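Visitor: Here it is, the structure in full.
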Amino acid sequence: MESLQALLGTRLPIIQAPMAGVQGHALAVAVSNAGGVGSLPCAMLSEAALQDELSALQAGTSHPYNVNFFSHTPPVPDQARETIWRDALAPYYREFDIDPAGIVAGPGRNPFSAGAADILEAFRPRVVSFHFGLPAPELLARVRAWGGKILSSATTVQEALWLEAHGVDAIIAQGLEAGGHRGIFLSEDLSTQLGTFALLPQVVRAVKVPVIAAGGIADADGVAAAMALGAAGVQIGTAYMLCPESTTSKLHRAALASDAARHTALTNLFTGRPARGIVNRVMRELGPLSQSAPEFPLATSGIAPLRSKAEALGNSDFSPLWSGQNASGCKNLPAAELTRELMSKWNGI
Ligand SMILES: Cc1cc2nc3c(=O)[nH]c(=O)nc-3n(C[C@H](O)[C@H](O)[C@H](O)COP(=O)(O)O)c2cc1C
């Protein structure tokens, strides 16, 4: 089997995980220049911002990088569900003196589209990764046409087999420890979800394409352990969140650096899909998982004004404090140095 480095065109088999909301091109540039694969998360970018971020990324590195998109099917807005959600949030709107009539419902996150493919074509990124399955075949064909390698996350063996059957070049095995959204796409049943070291070897045995381990890997020993279980490479997110090149907010940084980071949970309150974050007030009081939250990504707009008001008052009670279960590797170190540290026990074969 071709090595992950040969497939992705890099020196080191490490991908800096795309992390929408806490990074832009600067983190990706630093990691790609350090010999790994830097990633640009695009789920929350307008087409104009995508163009700008790609231009900055291209200007910052001559090495390969990854461009990441969500590939969910946008839901049909449902007024009844929106009303249930607004009712659940009503006590908080009163507490913060927010007029719910002024809150505009809207998606907050967009899937990969023909418009995004038009923009990407000029940059021809070497790697394009997806979360929540894959986009339509005609969109994937456009990525292949410029020679882009296609990656996507699997959270079960079944999802890994599905992705392989649909032609991905490598699979990211995303264990339950991982920070941010679960890539789960064939089921909504969270009891199907496996920890990284249960998922990884089973996926490695089930598929022929390279498997990249993600979730809870936070130091050089974790990287070596994943490689010992058959990973062709690793994808690491949380550990990069305190790097100066990340745009992680002050409140989020403080939470990651505190004992609070030892308690994370899966919550659907911030977007409508389960994602792992540090437990905060709204997660304790309404969830962490709630039947009232509308379908992804429609939960976003109802909670956004609470987040803004609370953050202005200096608290993160309503903020999505995404984090994996192992924030112990977060370091305020330049991303290139952190990448070197993470790969320091990799034997180079
Ligand atoms: C703050 C944050 C944001 C994330 N956003 C994305 C994203 O936009 N796209 C994506 O494919 N994965 C996203 N993820 C998940 C990562 O790709 C990856 O699975 C995870 O970071 C690995 O686990 P770790 O955080 O324990 O290293 C995010 C993770 C975090 C922590």
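The values are calculated or read from the model by the stated rules, or taken from the named source; none is laboratory data. Remember, it's a predicted structure, so these values are computed and weren't measured experimentally. Cβ placement follows ideal geometry from the backbone for every residue including glycine, while neighbour counts extend to all protein chains displayed. Ligands, DNA and RNA are stripped out before the accessible areas are found, and what is left, the full protein with its side chains, is counted by its heavy atoms. Shrake-Rupley method; radii C 1.70, N 1.55, O 1.52, S 1.80 Å.
Visitor: Per DSSP H run of n ≥ 4, the term is -39500 (n - 2.57); total these for the chain, divide by its residue number, and report the mean residue ellipticity at 222 nm rounded to 500 deg cm²/dmol.
Guide: My calculation for the chain gives -10500 deg cm²/dmol from helical runs alone.
Visitor: For residue 158, what charge total do you get from the other residues with a beta carbon under 12 Å from its beta carbon, if Lys and Arg give +1 and Asp and Glu give -1? Could the numbers behind the result be given before it?
Guide: Numbers: positive: none; negative: 159, 164, 189.
Around residue 158, the surrounding residues sum to -3.
Visitor: Going 7 Å from the Cα of residue 281 toward and past its Cβ, which residues in region 302-342 have a backbone nitrogen under 19 Å from where you end up?
Guide: 302-322
Visitor: Oh, and also: When the Cα centres of region 135-168 and region 15-78 are compared, how far apart do they sit, in Å?
Guide: 18 Å
Visitor: Pick out which of 101, 49, 26 has the largest mean-square fluctuation in a Gaussian network model of the chain, springs linking Cα atoms closer than 10 Å.
Guide: Highest fluctuation of the listed residues: 101.
Visitor: Among the listed pairs 149/331; 250/309; 309/331, give every one whose C-alpha distance is greater than 20 Å.
Guide: The answer is 149/331; 309/331.
Visitor: May I ask you to give the percent of accessible area on region 1-122 that is carbon plus sulfur, with a probe radius of 1.4 Å? Mind showing how you got there, number by number?
Guide: Working: 2900 of 5240 Å².
Summing carbon and sulfur atoms, their accessible area is 55 percent of the total for region 1-122.
Visitor: Which angle from 0 to 90°, rounded to the nearest 10, does the C-alpha axis of helix 47-60 make with the longest principal axis of the chain?
Guide: 40 degrees
Visitor: Helix 79-95 versus the longest principal axis of the chain: what angle, 0 to 90°, nearest 10, using Cα atoms?
Guide: Between helix and principal axis, roughly 70 degrees.
Visitor: Could you please report the charge total around residue 63, scoring K, R as +1 and D, E as -1 over all other residues with beta-carbon less than 11 angstrom from its beta-carbon?
Guide: Within the 11 Å Cβ shell, the charges total +2.
Visitor: Comparing 279, 104, 157, which has the greatest mean-square fluctuation in the GNM of the chain with Cα pairs linked when under 10 Å apart?
Guide: For the chain, modelled as a Gaussian network with Cα springs under 10 Å, the answer is 104.
Visitor: Nearest 5 is fine: what % of DSSP beta bridges in the chain come out antiparallel, could you say? Walk me through the numbers on the way to the answer.
Guide: Values: 7 of 36 bridges.
Among the beta bridges of the chain, antiparallel pairing accounts for roughly 20 percent.
Visitor: Calculate the FRET efficiency for residue 84 and residue 161 from the Cβ-Cβ distance with a Förster distance of 35 Å, rounded to the nearest 0.05.
Guide: 0.45
Visitor: Compute, for the chain, the length of the dipole vector about the Cα centre, with Cβ point charges of +1 (Lys, Arg) and -1 (Asp, Glu) only. Units Debye, rounded to 20.
Guide: 560 debye
Visitor: While we're on this one: Only Cα pairs within less than 10 Å get springs; with that Gaussian network setup on the chain, which residue of 40, 298, 190 has the largest fluctuation?
Guide: Maximum fluctuation in the GNM of the chain, among the listed residues, is at 190.
Visitor: Moving on to the next point. On the protein heavy atoms, probe 1.4 angstrom, tell me the percent of accessible surface of region 288-349 carried by carbon and sulfur.
Guide: The C+S portion of the solvent-accessible surface of region 288-349 is 49 percent.
Visitor: Relative to the Cα centre, what is the charge dipole magnitude of region 1-90, using +1 at the beta carbon of each Lys and Arg, -1 at the beta carbon of each Asp and Glu, and rounding to the nearest 20 debye? Could the numbers behind the result be given before it?
Guide: On the way: 3 positive and 7 negative charges, 49 e Å.
Value, rounded to 20: 240 debye.
Visitor: Farthest toward the dipole's positive end in the chain, which of 302, 251, 339, given Cβ charges of +1 (Lys, Arg) and -1 (Asp, Glu) about the Cα centre?
Guide: My answer, from the dipole projection, is 339.
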